[in-house]
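As structure tokens, the structure follows; a few thoughts come after it.
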Amino acid sequence: MQIAANSVVLFHYTLTNAAGEQLDSSAGQEPLGYLHGAGNIIPGLENALAGKSVGDKLNVTVAPEEAYGTIKDELIQEVDRANFEGIDEIEPGMQFMAQTPWGQQPVTVVKVEGDVITLDGNHPLAGETLTFDVEVVEVRAASEEELSHGHVHGDGGHHH
């Protein structure tokens, strides 16, 4: 069976950045499952998997525009330390949930200068060209319930 819209796909992957550093891998874990055509995974990887079958191995390099987007300068801002009431230590690399006009948004501390904290609301992988080494391990038709919910249930499925 080939991967197409409304297929449930389970795959193993290793993710590396442009410098060849491994960022993530499913090795030794359950394969990742997604519902094809539902926007569950980044577009560049989903497009590359279309038409593939069980046992297919592929190496896909995805530009930022087809992955987690380019870096948006407007998502980087300086805020006063007073916004972090009750938090004594604030260091670069720490992540917080910030309340924004469009809901909860994860932000990463990029700089701390006295009482001025610089936050970045971009996805940590925004602006990165990513390479996925993928092996397709299962392809099946989605159930009615999966289609109505827009994601995979059971093995490889994730409930958020």
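Just for the range 81-92: of the residues that are touching a residue at least 24 places away in the same chain (Cβ under 8 Å) and surrounded by 10 or more Cβ atoms within 10 Å (Cβ to Cβ), which one is nearest to Tyr13 (Cα to Cα)? I'd like the intermediate steps shown before the answer.
Of all residues in the range 81-92, those touching a residue at least 24 places away in the same chain (Cβ under 8 Å) come to 81-84, 90.
Those left that are additionally surrounded by 10 or more Cβ atoms within 10 Å (Cβ to Cβ): 81, 83-84, 90.
Details: Arg81: 40, Asn83: 39, Phe84: 37, Ile90: 34 Å.
The qualifying residue nearest to Tyr13 (Cα to Cα) is Ile90.
For Asn40, the conditions (1) at negative phi; (2) surrounded by fewer than 16 Cβ atoms within 10 Å (Cβ to Cβ); (3) in contact with a strand residue (DSSP E or B) (Cβ under 8 Å, 6 or more places away or on another chain); (4) not in a strand (DSSP E or B) are fulfilled apart from (2).
Ala19 meets the stated requirement of being surrounded by fewer than 16 Cβ atoms within 10 Å (Cβ to Cβ) and part of a loop (DSSP other than H, G, I, E, B). Could we say that Lys72 is more than 19 Å from Ala4 (Cα to Cα), charged (D, E, K, R) and either in contact with a helix residue (DSSP H, G or I) (Cβ under 8 Å, 6 or more places away or on another chain) or surrounded by fewer than 16 Cβ atoms within 10 Å (Cβ to Cβ) (or both) here? Taking the combined requirement at face value, the residue satisfies it.
Where strands (runs of 3 or more DSSP E) fall wholly inside the range 93-160, the ranges with 3 or more residues that are surrounded by 16 or more Cβ atoms within 10 Å (Cβ to Cβ) are 103-113, 116-120, 130-141.
Coordinate-derived values only; no laboratory data. Keep in mind it's a predicted model, so treat the numbers as computed, not measured. All Cβ positions, glycine included, derive from the backbone under ideal geometry; neighbour counts span all protein chains shown.
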